[in-house]
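Throughout, read-outs are computed from the coordinates displayed, never taken from laboratory work. This is a predicted model, so every value here is computed, not measured. Quick reminder, even Gly has a Cβ in these numbers, built from the backbone with ideal geometry, and neighbours come from all protein chains shown.
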Amino acid sequence: MDHPPHAPIAFRADPSSRPGRNCAIVGAGFAGIAAAIRLARLGYRVTVFEANAMPGGKAAEWRIGPYRFDMGPTILTMPGYVDELFDLCGEDPRDHFNYAQLDPSSQFLFEDGTVVRMYADPERLADEFAERTTANRASVLEFLRRSKVKRELTDEVFLQRSLHRIRNYFNKPTLRGVLQFRKVEAFTSMARANAALFRDAKAAAIFNQYASYHGADPYAAPATLNLIAYYELALGSFSAKGGMHAVVKALVALAERQGVAFRFNTRVERILVERGHVRGVQVNNERIPFDLVVSNADAHSTYHRLLTDQPRPNRTLDQPRSSSVIVFYWGMDRTYPALQLNNLLMSGDGRAEYDHIFNKHRLFEDPSIYLHVSAKAHASDAPPGHENWFVMVSVPHNTGQDWDMLIRATRQRVVAKLERMLKAPVEPHIVREHVMDPRLVEELTSSAFGAIFGSSSSGVFASFLRHSNFSRKIKGLYFCGGSVHPGPSIPLCLLSAKITTDLIAKRERK
Ligand SMILES: Cc1cc2nc3c(=O)[nH]c(=O)nc-3n(C[C@H](O)[C@H](O)[C@H](O)COP(=O)(O)OP(=O)(O)OC[C@H]3O[C@@H](n4cnc5c(N)ncnc54)[C@H](O)[C@@H]3O)c2cc1C
């Protein structure tokens with residue numbers, strides 16, 4: 001039964017409670033685990049409540065017969081933010097977490113047989129585009145140069161601290177960013193900037209495709225988001241040893257060594273608030289007192305499911321949603337030498353594809369396909385002579401479409417496209433299958449409408465409209481994860497944990 005807003009709350013003591021400040025974290029996604037480690041270092045007693053049986057949220061792991069799959073993220077960028085957590089605890093990251101740089105990071109395949117590989121060395125990358133497309137070398141180098149400037153102007157302002165505290169605007173980096181705002185290219189779209197720079201449809205399509213890594217529409221998203229390609233190309237794209245879920249497990253073990261308690265299969269039912277202050281959480285109908293609560297659950301579902309008796313910041317929560325995915329996880333009983341670890345099989349009409357996903361909320365008949373084969377890097381992920389295929393297409397978030405019908409139609413299109421482009425049979429070699437769609441994304445991770453990346457990054461002011469890392473109305477309530485500032489993807493989620501715990505350190509002095 002729901003409590004009236006200000007009724008006193010009767011608590012049952014947490015059996016593990018000891019004197020001192022304690023903090024509950026809702027969710028063991030990347031950001032929740034990172035926040036737990038950081039808060040434990042600040043001296044908090046931390047309990048992480050996770051609805052699922054395993055940690056990781058979108059970065060969970062599936063074993064389907066003899067095949068292992070990462071459920072969601074496959075590309076690791078900026079691994080230094082993972083290292084930082086081990087450093088903070090005085091441990092050598094290399095004893096627990098290892099990775100290798102990918103070069104090329106991925107290959108883009110087109111229906112006419114063109115293959116473009118994304119090499120790490122800028123000169124080699126420029127040569128590759130000059131050889132395989134009609135884009136010239138200089139345009140590729142110019143793309144990287146402009147992106148470097150964007151990064152220098154935005155990194156500290158947008159990624160390293162809260163955007164929602166006025167005092168953070170009065171400093172040198174912000175002033176520099178404001179004075180050179182033109183260079184950030186916030187008022188032109190990615191697609192427009194890329195078309196003007198490359199004048200080659202394939203090159204522009206490749207760089208536009210990086211918008212999908214944040215669930216954004218390159219025809220609406222500011223060209224600032226060309227930074228996503230830059231992070232991968234200039235700062236490196238990595239494969240985590242043992243797969244992405246191995247990183248999750250290493251961080252959970254680190255958190256446990258810092259004294260963090262994890263309670264799996266334990267869904268938080270309510271965040272308890274009394275007279276504008278967080279008082280604890282309710283799990284299994286029990287009220288457990290906590291001084292602070294950090295929600296790593298999607299901000300929309302935090303308000304709509306856990307804070308039903310509290311006012312909602314509707315302007316933030318009602319922002320358009322990002323896209324979602326259909327992923328086919330296929331065990332294949334043969335290998336495909338034409339494939340690398342990361343492959344993008346491009347749509348013949350990117351503009352129409354994005355229009356379908358973001359404006360019409362429908363699926364396009366010729367989708368771009370991301371095909372990741374982790375067994376190419378980790379042989380043990382599939383039996384010898386077999387491969388594990390992670391086959392992903394971007395789709396709109398869930399607005400009640402007939403997903404069973406759409407999955408059937410997408411499967412047919414995807415198999416036909418793969419057989420056409422790989423010039424090899426696919427269907428007869430699928431021996432195991434599992435499918436994820438927006439409904440399952442929501443069920444497994446509580447992400448509203450199955451949107452993978454929270455609210456959309458497509459608008460010019462999207463960064464400012466994303467939920468803040470703290471509640472303005474409820475003292476002691478904080479947020480971290482892909483649906484809040486600074487946004488989605490593993491490195492940004494790790495940064496959100498850092499921003500949130502830095503705020504806690506400042507605001508919650510004993
Ligand atoms: C298919 C796919 C591919 C992706 N590819 C990449 C990639 O290659 N590289 C990259 O960097 N990023 C990628 N991403 C994005 C990245 O995975 C996410 O941005 C990131 O993992 C989100 O982490 P998070 O901290 O926001 O938590 P989430 O992963 O969203 O986890 C939140 C957790 O909270 C739990 N929870 C929610 N409500 C409750 C409750 N009431 N009680 C208890 N627990 C609760 C959920 O069960 C879940 O475990 C991908 C995502 C997907 C789905």
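A few notes on this one:
- Kirkwood hydrodynamic radius of segment 10-121, from the reciprocal of the average inverse Cα-Cα distance over all distinct pairs: 17.7 Å.
- Residues in segment 249-259 carry Karplus couplings, in order, of 5, 5, 6, 5, 4, 4, 4, 5, 5, 8, x Hz; the curve used is 6.51 cos²θ - 1.76 cosθ + 1.60 with θ = phi - 60°, and Gly or Pro positions show x.
- Ranking Val48, Thr133, Leu235 by Cα position along the charge dipole of the chain, where only Lys, Arg, Asp and Glu carry charges on their C-beta atoms, puts Val48 farthest toward the positive end.
- Prolate/oblate/rounded label for segment 44-101 (Cα gyration tensor, a/c 1.5): oblate
- Proximal aspartates and glutamates to Lys148, defined as alpha-carbon separation beneath 17 angstrom and excluding residues fewer than eight positions away on the same chain: Asp121, Glu123, Glu156, Glu185, Glu232
- Net charge contributed by nearby residues that have their C-beta within less than 13 Å of Tyr336 (K/R +1, D/E -1): 0
- Against the chain, whose longest principal axis is taken from its Cα atoms, helix 30-41 shows a tilt of about 40°.
- Under 18 Å of direct C-alpha separation, and excluding same-chain neighbours fewer than eight residues apart, Lys249 reaches these lysines: Lys58, Lys241.
- The angle between the Cα long axis of helix 490-507 and the longest principal axis of the Cα atoms of the chain comes to about 20 degrees, rounded to the nearest 10.
- CD proxy at 222 nm, helix term only [per DSSP H run n ≥ 4: -39500 (n - 2.57); per residue of the chain; nearest 500]: -9000 deg cm²/dmol
- Debye-sum result for the chain in log10 I(q)/I(0), which assumes one identical scatterer on each alpha carbon, at q = 0.06, 0.11, 0.12, 0.13 Å⁻¹: -0.27, -0.94, -1.13, -1.32
- Only the Cβ atoms of Lys and Arg (+1) and of Asp and Glu (-1) were treated as charged; on that basis the dipole of the chain about its Cα centre amounts to roughly 1940 debye.
- Cα shape, segment 194-280, gyration tensor, a/c 1.5 rule: oblate
- Phi angles across segment 241-248 convert, under the Karplus curve 6.51 cos²θ - 1.76 cosθ + 1.60 with θ = phi - 60°, into 3J(HN,Hα) values of 4, x, x, 5, 5, 4, 5, 4 Hz, Gly and Pro given as x.
- Amide H contacts for Thr266 (H built 1.01 Å from N in the peptide plane; partners 5 or more residues away or on another chain; cut-off under 5 Å): Glu50, Ala51, Asn52.
- Cα gyration tensor category, rounded, prolate or oblate, for segment 214-337 with a/c compared to 1.5: oblate
- Hits among lysines - C-alpha to C-alpha of Lys150 under 26 Å, sequence gap 8 or more where chains match: Lys172, Lys183, Lys202, Lys498
- Additional length obtainable on full extension of the chain from Ala196 to Ala234, 0.36 nm per residue less Cα span: 11.5 nm
- Residue (of Trp330, Phe110, Ser301) at the positive-pole extreme of the chain, dipole from beta-carbon charges: Ser301
- When peptides 217-224, 358-365 are sorted by average Cβ neighbour count within 10 Å, with the highest value leading, the order is 217-224, 358-365.
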